[in-house]
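Everything on this sheet refers to the single structure shown next.
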Amino acid sequence: MLTVEEALTKITETVRPTIIEQRTIVNAIGSILAEPIVSDVDSPPFEKSMMDGYALRATDCQDGATLKVIDEVTAGRVGTVPVAESTAVRIMTGAPIPDGADAVVPIELTSFDESTNEVTLTGVKPGGVGQHILPRGLVMSKGEQLMSPGRCLAAADIALLAELGREQIAVRGSTTFAILSTGDELVPHDAVPGPGQIRNTNGVMLADQVQQVGGTVAFAEIARDTREDLREKIATGLNCDVLCLSGGVSAGKLDLVPSELAAAGVEEVFHKAAMKPGKPIWFGVCNKDSDSPTYVFGLPGNPVSSMVCFELFVRTALRQLQGAEQVKPEMITAKLTDDFHHRSDRQTYFPAHFHFANGECIVRPVNWKGSADLRSTIDANASICFPAEERNFQAGEQVEVLPWSGPIRG
Ligand code: AMP
Ligand code: MG
């Protein structure tokens, strides 16, 4: 059986990044950048004042000095009179520094006499070439690479693209998902279950997980444990970039998913990984060498198994599809709050709650009763990854943690 690490490697080796498309920057928030962004300007493009005040020669910056005010520049204007010795130009924040000036004194340290048109400096420290001046090119210079492909674009990134005058940029295309919850026992979550039936919880959970990582759910259905129903719905699901099935992948009599996927032409890449929960995980690919392959995950039916397998495996596939910089899951290290006895022959992803306190990441395992226990996950926002062994972990020990997608719960 593959280790989780080996299974993740199989996914990164199989999945190819999606096609690149052009998108306007106003529609690109959250997209994955697919080109390097290089500055074609110096920023700021001119030396500019960082204060409202007076531009002058640093040698005139003496406490009590009185200078003739010869001009005024506001943001968006350019001064016409050069600053000479014993003169100053009134200047506003963001305005270009006039020729001859090499320092700015803030307005708070001056008093202006209207009758003589002179300004007197009060409480200034002497000298200070460049004080309160943002030099040209300080923020970025022409030719400098600012962003690399694989970056998930945030609001400030879009603003920087606007500063560069970019209207369109190359991003990875969005990923469509089909979600197929399988099981004769399932009823829609808004229906009343009859004898032996349960509500479909995985359907809404997986749809939310897809949305939280920027994917689009194009198809979501319940399939019965019959070959006919599975065949029909798998065929529809294969029109998406990713098909996520839940249930029907373990060794039960009605676990028909692997054989029906094979019948639909989906090539198995792996089945089962040495982990808990999530051991029956299935992964394969359909139309591998075409322009539009479909990557298929058979997630185990128990809700916590489904969720953890999505976090580990489906998100890795999605990051690879989007050409992200970091493809495999990023684990963080956190300090255990309590002693914890762990025993398993499989690597275990134990639901836990982590938070930051006094600059440290702290993690507490929740009272989890196994892969069907969704109840305890409401207190959790991550999984602690315990190795396959029996050991008493001590409070204060450092452990590896996999944060779950979505808003961090405090
Ligand atoms: P399976 O992998 O199909 O054997 O399912 C394992 C367990 O998960 C069974 O108890 C199922 O009833 C349960 N289960 C499967 N699919 C779902 C679902 N979509 N929502 C809630 N529970 C499920
Ligand atoms: Mg089932």
Checked the range 200-232 for anything away from ligand 2 (no atom under 14 Å from the Cβ) and in contact with a Pro (Cβ under 9 Å, 6 or more places away or on another chain); matches are M205, Q212
In the range 311-345, residue nearest to ligand 2 (Cβ to nearest atom) [restricted to those that are under 26 Å from A251 (Cβ atoms) and β-branched (V, I, T)]
V314
Condition check: within 11 Å of ligand 1 (Cβ to nearest atom) and open to solvent by less than 10 Å² (accessible area, probe 1.4 Å). Does S250 satisfy that?
no
Need the failing condition index for V308 against (1) at pLDDT 95 or above; (2) touching a Pro at 6+ places or on another chain (Cβ under 8 Å); (3) more than 16 Å from ligand 2 (Cβ to nearest atom); (4) open to solvent by 10 Å² or more (accessible area, probe 1.4 Å), just the number.
(4)
Subset of the range 354-369, residues touching a residue at least 40 places away in the same chain (Cβ under 8 Å) and under 10 Å from V401 (Cβ atoms), comes to F354, C361
Taking only pairs six or more apart or across chains, which ones have beta-carbon atoms under 6 Å, a first residue in the range 57-76 that is closer than 11 Å to N117 by Cβ, and a second residue that is loosely packed, with under 13 Cβ neighbours inside 10 Å?
V69/N117
Specify which of the listed residues (K253, K276) is of a type in the set (K, R) and in contact with a Lys or Arg (Cβ under 9 Å, 6 or more places away or on another chain).
K276
Those residues of the range 24-53 that are of a type outside the set (A, V, I, L, M), under 16 Å from R166 (Cβ atoms) and surrounded by 22 or more Cβ atoms within 10 Å (Cβ to Cβ) come to a total of 1
So V38 clears everything in (1) at pLDDT 95 or above; (2) out of contact with any helix residue (DSSP H, G or I) (no Cβ under 7 Å at 6 or more places or on another chain); (3) closer than 27 Å to G127 by Cβ except one condition, right? Which one?
(3)
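If a residue has to be within 16 Å of ligand 1 (Cβ to nearest atom) and open to solvent by less than 70 Å² (accessible area, probe 1.4 Å) to count, how many in the range 198-236 make the cut?
Of the range 198-236, the ones within 16 Å of ligand 1 (Cβ to nearest atom) are 198-210, 217, 219-227, 229-230, 233-234.
When the remaining residues are screened for being open to solvent by less than 70 Å² (accessible area, probe 1.4 Å), the result is 200-207, 209-210, 217, 219-220, 222-223, 225-226, 229-230, 233-234.
Going through the range 198-236 one residue at a time, the tally reaches 21.
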Tell me which residues, restricted to the range 262-294, are touching a Cys at 6+ places or on another chain (Cβ under 8 Å) and more than 13 Å from ligand 1 (Cβ to nearest atom).
A264, G265, V266, E267, P293, T294
Within the range 338-380, residues touching a helix residue (DSSP H, G or I) at 6+ places or on another chain (Cβ under 7 Å) and outside any loop (DSSP other than H, G, I, E, B) come out as Q347, Y349, P351, H353, T377
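When you go through F386, F393 one by one, which is the residue that is surrounded by 11 or more Cβ atoms within 10 Å (Cβ to Cβ) and closer than 14 Å to D338 by Cα? Please lay out each step first, then the result.
On the way: F386 fails: closer than 14 Å to D338 by Cα.
Being surrounded by 11 or more Cβ atoms within 10 Å (Cβ to Cβ) and closer than 14 Å to D338 by Cα holds for just one of F386, F393, which is F393.
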May I ask you to say which residue of S292, S250 is hydroxyl-bearing (S, T, Y) and more than 16 Å from ligand 2 (Cβ to nearest atom)?
S292
Check on R343, in contact (Cβ under 8 Å) with a residue 24 or more places away in the chain and loosely packed, with under 13 Cβ neighbours inside 10 Å
yes
Show me the strands (runs of 3 or more DSSP E) found entirely inside the range 90-195 where at least 3 residues are under 27 Å from the mean Cα position of the chain (by Cα).
145-147, 168-172, 176-182
So which of L134, L56, L109 ends up being aliphatic (A, V, I, L, M) and open to solvent by less than 20 Å² (accessible area, probe 1.4 Å)?
L56
Select from the range 249-306 the residues that are more than 30 Å from K369 (Cα to Cα), over 27 Å from the mean Cα position of the chain (by Cα), assigned to a loop (DSSP other than H, G, I, E, B) and touching a residue at least 12 places away in the same chain (Cβ under 8 Å) and list them in ascending order.
A264, G265, V266, N287, K288
When every residue in the range 253-271 that is in contact with a Phe, Trp or Tyr (Cβ under 8 Å, 6 or more places away or on another chain) and away from ligand 2 (no atom under 15 Å from the Cβ) is compared, the one most open to solvent (accessible area, probe 1.4 Å) is E268
Failed item in (1) closer than 16 Å to G183 by Cα; (2) in contact with a strand residue (DSSP E or B) (Cβ under 9 Å, 6 or more places away or on another chain); (3) in a helix (DSSP H, G or I), with E228 passing the rest
(2)
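The values are calculated or read from the model by the stated rules, or taken from the named source; none is laboratory data. Not measured: the values here are computed from a predicted model. Because the Cβ atoms are built from the backbone with ideal geometry, glycine has one as well, and the counts that use them run over all protein chains shown. Remember, those area values only see protein heavy atoms, side chains included, never the ligands or the DNA or RNA. Shrake-Rupley method; radii C 1.70, N 1.55, O 1.52, S 1.80 Å.
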